[in-house]
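Below you'll find the structure, written out as structure tokens, and then a few comments.
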Amino acid sequence: MSAPRGKSPAPVGKPARPARSGSRAARPLHCIVLVKQVPDVSNIPEDAWDREKGTLKRAMLDSILNPLDLQALTFARRITEAHPGSRTIYLTMGPPQARETLVDCLSRAPGEAVLLTDRAFAGADTVATSYSLACAIRRIEKELLGRSRDYVIVTGMQSVDGDTAQVPPQIAEELGIEHIAYAQALETQPELAIRRIGPQGAEVVRPLRYPVLTTVTACMDPLYRSFHQAREARSGPIHEWSAESVGASPQRIGLAGSRTQVYRIFSPSEERSKACEFVHEPAELIDRIQARYKAAGGRARAAEGEVYDLAGRKPSYKGEFWVLVEREGDGIRSVSLELLGKARELADCLGEKVGAVLPCGEAGTLAKDLIACGADTVYAMEHPLLCEFLPIPFKKAVSELVRKHRPQVMLFGATPLGRELAPRIAYACDSGLTADCTKLEIGDYAKGDLDLVGILKQTRPALGGNIMATILTRDSATQMATVRPGVLRVPPRDPSRTGRVIRSKPDLAARELGVRTVSVEALEKKASIRDADIVVSGGHGLRSRALFERLLRPLADELGRVLGGDAKVGASRIAVEDGFATHDRQVGQTGQTVQPRLYVALGISGAVQHISGMAGSEIIVAINKDPRARIFNYADYGMVGDIELIAPALIHELEKR
Amino acid sequence: MKPIDVLIVGAGPAGLAAAIRLRDRFDQDGRDASVVVIDKAFGPGYHNLSGAAFEPAALDELLPGWREERNLLTDHVTPVKRDEMYFLTGRWALKLPHFVVPRRMHHTGDVTIPLSRLVQYMAQQAEKKGVELYYGYSARSLIVERGVVRGVKLADAGLDKDGRPKPNYMPGEEIRARVTILADGTRGVLSTQFRELFGAGRNPQVYSVGIKAVVNFPDENPFGNNRVVHTLGYPAPNSVFGGGFMYSMGEKTVAVGFILGLDWKYGDLNPQRELERYRAHPFVRRQLKGGTVLATGAKTIPEGGYLSLGRLTAPGALIAGDGAGFVNIEKIKGIHYAIQSGVCAADTIADAFPAGDFRHDALSSYSQRLTELGLMRELKHARNYRQSFRWGLIAGMPLSLIQSHLPVALATHPDRLTTRRGAHRGGRDAGGMDQTTYISLTGTSHREDEPSHVSILDASQCLECADRFAASCTHFCPGQVYRWSEGEDGADGSVGVPSGDAPRGGEIVLSPSNCLHCMTCAVKCPYDNIRWIPPEGGEGPRYKAM
């Protein structure tokens, strides 16, 4: 039973083969692992909440190594183990306290560590952070790796506090290297190949040039800390580098180098009305849900009556509102149309035009659809290298266009493509970027010496979804944002709309490619409750597995049919422990976080840990036999009674419709 | 790898006091020796809980000057100026005049402090002095070779729910040292093993469980400042040794709690519900009006005292603090003893260092030191105190006043043997905070894929327990780790078997991730059918101000 410490199982995919002499596998492949110390948002003490202001006192949270960076560390270990003679360097940027994170890393997998610390870095957003880390990486390459270019930069896909996933691609952009995102597994024989989720599906890619950067998702069992290694790490050297020592230019770091600014933080529940409406008849409950469901899906819409009025003032930005259009097969990905609708609405506030940027092999009839959905101009960039998504050619083409036309706003879908591309484009255009916005609106901002009119206010969740932040862009020609699919609504098509199409052929070359795609597998849509529009969850109150299965699936199916949407079954932790459902259905702090349009909780008491997994749902309905159950504090609609009677009655009622 | 000279298991007041004292002695004596402390908690103070009303003299000696400058401790210490005792009935609170309360139970000169804060401060000081502190490492067992303690073995990490190694499996490392101090707290796993190997006390150790809530107020609080209140009586039934407390902690916080002797006879007594009963009492409710509970916790207290002390030293090891059982239940105090015993342990080792011999003889001066310090004398005075209450509160009170003069040593019985068939707690539930919310405020968490660190050894005994004792663990565990499930055809999977119902079939279902590491289950299971081993390091509760 005792495996020697650190021995990993056979690499994923191919059986191990001896490395050919002289091949890549025989040479060292160093790893620079980027890590971050973050607040532990999975364990928030009650007194860390400032309930009045709706904010979280970050200082009262424990500090931990970012969980995805722990994955990266484990991933990197696999790489270095397969390439004897490789060195591992941990790099973090933070206050002196961040040293603890490096000791933590060293106690899991030995190596060297660099703490990039300087007061000048304070207040940095992703752009400034990426630049600073890139400078440190250059120094590491020079001084610690003896100028070797044979290394991989490995880091977690995102950090739990910022959640933007922007820094890694922006570092890659600053260094001028490829980045491979969403890595899930690796092969090391005969050479390094990384399996990842890309826009096309599950891909296996092989770097053609080094260095390369890769970001890692939760895919491995992370390495534990060893006591003896921790002891060594304490006394071992940790390099401490300042901004000047890595050649970082002062205007590009810290506040000065930032292109976005947080201007308001508030609680997510501010956006939901508190009182639960108790209903007594199943039919009445269905009526309420139906009415509200139809109106939902426009979370990002301004509330009724709130239309921005420029009132003859001069807006701070000038230019068009652009959308980066993603293709799906022969058509357009729905999120791009959703964004067009939004761009239209925002542009109309300021009397500006809407542009749709379409990288493609050949535009064909797509331009017409884009105009029908709200575009005034379609910028069709046609080139063979733009047929399938590749970050660097796409980035090059789009940023050139952006620099030429200087739109005031550019929107991207927060899709696998958007999340890889937008940060690189933003960095290349020296623009601020806000990721995963749940709300976009035009507004004003006046504070100190800032007096901004008609700017884009970008609202997004942060700190693991525990708070909301509204952000504005600064010192940029273009305000850029990404929005999750499904948050906005697809606008109605108006075939009578007219617009123009501007075609161009960007200057791109195949030899610019730094990775080779070895294989692609279209991903079958997995039954993840995360993607569902409707989640029907059962808890302890269901009492038995038989009851759980008998009631929940039919209820979910009927709701999906009547309301229209993908409906899945979820479970509370106790229900999973009782064996009513498998762990992949668990909703909550230690399960999945879901944000469906409708969440129905049956027989769930509403423990804090469960709530944190579903509080972001648009409509919450709770059914429980205890009128004082905590879940009712979070529900929009509730019914008190025996689930065994209510659930079949609801199903029956739905079947009639 | 530099070898370890002194290994201390447990970074509570005893362990840290020993570590600080050792570093002072080694620096003084000019010795280059390493002092390493390990603790299973995620961070300093996270597994430490007490009231606490504390005699600061021991700290004044160990860390003189702590009062002089503003620091973590001075920020959280509250001098006691008012000290009261009440007797509660269901509705009334009768104040006991000061002269009636035995002198030993007066708290003049004490301070109140959340124990976790005290521990955080001590940890800070220890690090400054060069103590090596490592959090998140669970010690699973002693390494004993030819009768000599050589160190400890850590718990395995990286097993899945069924006990199979995962790709990141790390077998528990061995940490060897020249001498080991066990300071692993109440019913510590290693101290228990130590007693099994080297000798237990004359009396079996007995325990209470303390269950606590920290109440915060937006401005002034009705309870008042610098005030300490102890209560006897309600809600503890006459046969149960217990009482409540309320302590001012600064100006905006009051710690409220209830302590219950685990020798209760009721199969279905639930400590958390008792705390809610206490908080619902008109007197208590008035004191805490307008406050919000922001943190909760629970832990056992070893109460056997002098007669339950076992062997304190063995070749290569000594035990200190609650793990040894240094608690004076007459004064309801144990923290300063923990510090004192830690200091004595350190001095004993520092003196034995030149000879480099840590066999039993060299360490035997430990007991002498404890005696010289007065610790043993005080414990000896209280040696029959707890046992006096075996026959109930009314009989116990007069007996407790003369117990020190009794020429006999009163025996204790293991707490698990006192649960009586069919004894039901009864009474109406007081409402208040539900247990699920209570548990979430402890901040406890464990990796859910981990093998359960609590195990029921023989499930068939649980059926008998459900019949006779209402499946006791489903009631007494503050974390609701144990739930009774009757399976497919039975009635609901209720937490506790309702009194009077004999279930047809069923079993205990576990939620080990709720565990508070309080150790009640290890003590109170009527069939001694529960095994508690430490889970992976860094888990369990996160007490910040307990």
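Any idea which residue in the range B:150-172 is nearest to the other protein chains (Cβ to nearest Cβ), counting only those that are part of a loop (DSSP other than H, G, I, E, B) and surrounded by fewer than 19 Cβ atoms within 10 Å (Cβ to Cβ)? Walk me through how you get there before you give the answer.
Filtering the range B:150-172 for residues part of a loop (DSSP other than H, G, I, E, B) gives B:155-156, B:160-164, B:171-172.
Then drop every residue that is not surrounded by fewer than 19 Cβ atoms within 10 Å (Cβ to Cβ), which leaves B:160-164, B:171.
On the way: B:160: 9, B:161: 10, B:162: 13, B:163: 9, B:164: 9, B:171: 4 Å.
Among them, the one singled out is B:171.
Can you tell me which residue within the range B:388-409, out of those that are in contact (Cβ under 8 Å) with a residue 40 or more places away in the chain and of a type outside the set (Gly, Ala, Ser), is farthest from residue B:349 (Cα to Cα)?
Initial filter on the range B:388-409 (in contact (Cβ under 8 Å) with a residue 40 or more places away in the chain): B:389-390, B:392-394, B:396, B:400-401, B:409.
Retained after the next criterion (residues that are of a type outside the set (Gly, Ala, Ser)): B:389-390, B:393-394, B:401.
On the way: B:389: 38, B:390: 39, B:393: 43, B:394: 45, B:401: 38 Å.
Here the residue is B:394.
Give the residues of the range A:561-606 that are of a type in the set (D, E, K, R), part of a loop (DSSP other than H, G, I, E, B) and within 23 Å of residue A:543 (Cβ to Cβ), sorted by residue number.
Across the range A:561-606, the qualifying residue is only A:578.
Filter the range B:1-15 down to residues that are of a type outside the set (Asp, Glu) and surrounded by fewer than 24 Cβ atoms within 10 Å (Cβ to Cβ) and give me whichever is farthest from residue B:178 (Cα to Cα).
Out of the qualifying residues, it is B:1.
Please state which one of A:185, A:181 is more than 25 Å from residue B:160 (Cβ to Cβ) and either modelled with pLDDT of 95 or more or buried (at least 18 other Cβ atoms within 10 Å of the Cβ) (or both). If you could, list the steps in order and put the result at the bottom.
Details: A:185 fails: more than 25 Å from residue B:160 (Cβ to Cβ).
None of the other options fit; the residue is A:181.
I need the full set of residues from the range B:427-449 which are aliphatic (A, V, I, L, M) and assigned to a helix (DSSP H, G or I), in order please.
Within the range B:427-449, the subset aliphatic (A, V, I, L, M) is B:430, B:433, B:439, B:441.
Scanning the range B:427-449 gives a single hit, B:439.
Would the range B:357-377 turn up any residue that is under 30 Å from residue A:607 (Cβ atoms), touching a residue at least 24 places away in the same chain (Cβ under 8 Å), surrounded by fewer than 17 Cβ atoms within 10 Å (Cβ to Cβ) and of a type outside the set (D, E, K, R)? Write out each step before concluding.
Within the range B:357-377, the subset under 30 Å from residue A:607 (Cβ atoms) is none.
No - not one qualifying residue is present in the range B:357-377.
Go through (1) touching an Asp or Glu at 6+ places or on another chain (Cβ under 9 Å); (2) closer than 14 Å to residue A:33 by Cβ; (3) crowded, with 23+ Cβ neighbours inside 10 Å for residue A:110 and report which single condition fails.
Of the numbered conditions (1) touching an Asp or Glu at 6+ places or on another chain (Cβ under 9 Å); (2) closer than 14 Å to residue A:33 by Cβ; (3) crowded, with 23+ Cβ neighbours inside 10 Å, the odd one out for residue A:110 is (3).
What's the total number of residues in the range B:281-309 that are within 14 Å of another protein chain (Cβ to nearest Cβ) and of a type in the set (A, V, I, L, M)?
Applying the first criterion (within 14 Å of another protein chain (Cβ to nearest Cβ)) to the range B:281-309 yields B:291-297.
Subsequent filtering for residues that are of a type in the set (A, V, I, L, M) retains B:293-295.
Of the residues in the range B:281-309, 3 are within 14 Å of another protein chain (Cβ to nearest Cβ) and of a type in the set (A, V, I, L, M).
So residue B:434 ticks every box in (1) within 14 Å of chain A (Cβ to nearest Cβ); (2) in contact with a strand residue (DSSP E or B) (Cβ under 9 Å, 6 or more places away or on another chain) but one. Which box is left unticked?
(2)
If we scan the range B:181-204, do we find a residue that is free of Cβ contacts under 8 Å to residues at least 24 places away in the same chain and farther than 30 Å from residue B:435 by Cα?
Among the residues of the range B:181-204, at least one is free of Cβ contacts under 8 Å to residues at least 24 places away in the same chain and farther than 30 Å from residue B:435 by Cα, which makes the answer yes.
Might you let me know whether the range B:16-34 holds any residue that is buried (at least 24 other Cβ atoms within 10 Å of the Cβ) and assigned to a strand (DSSP E or B)?
So far as the range B:16-34 goes, no, none of its residues is buried (at least 24 other Cβ atoms within 10 Å of the Cβ) and assigned to a strand (DSSP E or B).
Restricting to helices (runs of 4 or more DSSP H) lying wholly in the range B:324-379: which have 1 or more residues that are closer than 28 Å to residue B:242 by Cα? Full working, then the answer.
Working: elements: B:335-352, B:360-363, B:365-373.
The helices (runs of 4 or more DSSP H) meeting that bar are B:335-352.
If you go through the range A:488-499 one residue at a time, do you hit one that is part of a strand (DSSP E or B) and in contact with a strand residue (DSSP E or B) (Cβ under 7 Å, 6 or more places away or on another chain)? Steps first, please.
Kept after step one, since they are part of a strand (DSSP E or B), are these residues of the range A:488-499: none.
The answer is no, given that none of the residues of the range A:488-499 is part of a strand (DSSP E or B) and in contact with a strand residue (DSSP E or B) (Cβ under 7 Å, 6 or more places away or on another chain).
Results for (1) within 12 Å of another protein chain (Cβ to nearest Cβ); (2) crowded, with 23+ Cβ neighbours inside 10 Å; (3) over 26 Å from residue B:113 (Cβ atoms); (4) modelled with pLDDT of 95 or more, shown as yes or no for each residue.
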| residue | (1), (2), (3), (4) |
| --- | --- |
| B:511 | yes, no, yes, no |
| B:517 | no, yes, no, yes |
| B:522 | no, no, yes, yes |
| B:533 | no, no, yes, yes |
| B:541 | yes, yes, no, yes |
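Would you please name the residue that is farthest from the other protein chains (Cβ to nearest Cβ), looking only at residues in the range A:575-601 that are farther than 27 Å from residue A:657 by Cβ and within 22 Å of the chain's Cα centre (by Cα)?
A:593
Does residue A:554 meet the test of being at pLDDT 85 or above, more than 14 Å from every other protein chain (Cβ to nearest Cβ) and in a loop (DSSP other than H, G, I, E, B)? Before the answer, list the steps.
Working: at pLDDT 85 or above: yes; more than 14 Å from every other protein chain (Cβ to nearest Cβ): yes; in a loop (DSSP other than H, G, I, E, B): no.
No.
Considering only residues of the range B:398-413 that are in contact with a Ser or Thr (Cβ under 8 Å, 6 or more places away or on another chain) and assigned to a helix (DSSP H, G or I), which is surrounded by the fewest Cβ atoms within 10 Å (Cβ to Cβ)?
Filtering the range B:398-413 for residues in contact with a Ser or Thr (Cβ under 8 Å, 6 or more places away or on another chain) gives B:399-400, B:403, B:410, B:412.
With assigned to a helix (DSSP H, G or I) added as a condition, the list becomes B:399-400, B:403.
Values: B:399: 18, B:400: 20, B:403: 20.
Result: B:399.
For the range B:401-417, indicate whether the set of residues that are under 24 Å from the mean Cα position of the chain (by Cα), modelled with pLDDT of 90 or more and among the hydroxyl-bearing types (Ser, Thr, Tyr) is non-empty.
We begin by selecting, within the range B:401-417, every residue under 24 Å from the mean Cα position of the chain (by Cα); these are B:410-417.
Going one step further and asking which of them are modelled with pLDDT of 90 or more, we end up with B:410-417.
Remaining after also requiring among the hydroxyl-bearing types (Ser, Thr, Tyr): B:412.
The answer is yes, given that some residue of the range B:401-417 is under 24 Å from the mean Cα position of the chain (by Cα), modelled with pLDDT of 90 or more and among the hydroxyl-bearing types (Ser, Thr, Tyr).
In this structure, is residue B:416 farther than 30 Å from residue A:541 by Cβ and surrounded by fewer than 16 Cβ atoms within 10 Å (Cβ to Cβ)? Steps first, please.
Values: farther than 30 Å from residue A:541 by Cβ: yes; surrounded by fewer than 16 Cβ atoms within 10 Å (Cβ to Cβ): no.
No, not satisfied.
Which of the numbered conditions does residue B:452 fail, given that it passes all the others? Conditions: (1) in a loop (DSSP other than H, G, I, E, B); (2) among the polar types (S, T, N, Q); (3) more than 12 Å from chain A (Cβ to nearest Cβ).
Unmet for residue B:452, out of (1) in a loop (DSSP other than H, G, I, E, B); (2) among the polar types (S, T, N, Q); (3) more than 12 Å from chain A (Cβ to nearest Cβ): (3).
Can you confirm whether the range B:459-481 contains a residue that is within 14 Å of chain A (Cβ to nearest Cβ) and either more than 26 Å from residue B:212 (Cα to Cα) or surrounded by fewer than 17 Cβ atoms within 10 Å (Cβ to Cβ) (or both)?
Scanning the range B:459-481 turns up no residue that is within 14 Å of chain A (Cβ to nearest Cβ) and either more than 26 Å from residue B:212 (Cα to Cα) or surrounded by fewer than 17 Cβ atoms within 10 Å (Cβ to Cβ) (or both).
Take the range A:521-548 and flag every residue that is under 13 Å from residue A:643 (Cα atoms) and assigned to a helix (DSSP H, G or I).
Matches in the range A:521-548: A:540, A:541, A:542, A:547, A:548.
I'd like to check something: does the range A:566-574 contain any residue that is within 10 Å of another protein chain (Cβ to nearest Cβ) and of a type in the set (A, V, I, L, M)?
Start the filter on the range A:566-574 by keeping residues that are within 10 Å of another protein chain (Cβ to nearest Cβ), which leaves A:573-574.
Right, trim to of a type in the set (A, V, I, L, M) and you get A:574.
Scanning the range A:566-574, I find at least one residue that is within 10 Å of another protein chain (Cβ to nearest Cβ) and of a type in the set (A, V, I, L, M), so the answer is yes.
Checking residue A:519 against (1) surrounded by fewer than 17 Cβ atoms within 10 Å (Cβ to Cβ); (2) of a type in the set (Ser, Thr, Tyr); (3) within 14 Å of chain B (Cβ to nearest Cβ), which test does it fail?
The number of the failed condition is (3).
Within the range A:589-596, identify whether any single residue is of a type outside the set (S, T, N, Q), closer than 29 Å to residue A:275 by Cβ and in contact (Cβ under 8 Å) with a residue 24 or more places away in the chain, and answer yes or no.
Filtering the range A:589-596 down to residues of a type outside the set (S, T, N, Q) leaves A:591, A:594, A:596.
Then drop every residue that is not closer than 29 Å to residue A:275 by Cβ, which leaves A:591, A:594, A:596.
Filter once more, so that each one left must be in contact (Cβ under 8 Å) with a residue 24 or more places away in the chain: A:594, A:596.
For the range A:589-596, residues of a type outside the set (S, T, N, Q), closer than 29 Å to residue A:275 by Cβ and in contact (Cβ under 8 Å) with a residue 24 or more places away in the chain: present.
Every residue, every condition in (1) surrounded by 13 or more Cβ atoms within 10 Å (Cβ to Cβ); (2) among the polar types (S, T, N, Q); (3) modelled with pLDDT of 95 or more, yes or no:
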site: B:82; (1), (2), (3): yes, no, no
site: B:90; (1), (2), (3): no, no, no
site: B:101; (1), (2), (3): yes, no, no
site: B:105; (1), (2), (3): yes, no, no
site: B:111; (1), (2), (3): yes, no, no
site: B:121; (1), (2), (3): yes, no, yes
site: B:124; (1), (2), (3): yes, yes, yes
site: B:129; (1), (2), (3): yes, no, yes
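The values are calculated or read from the model by the stated rules, or taken from the named source; none is laboratory data. Predicted model, so just to flag it, every value in this text is computed and none were measured. Counting neighbours? That spans all protein chains shown, and the Cβs are built from the backbone with ideal geometry, glycine included.
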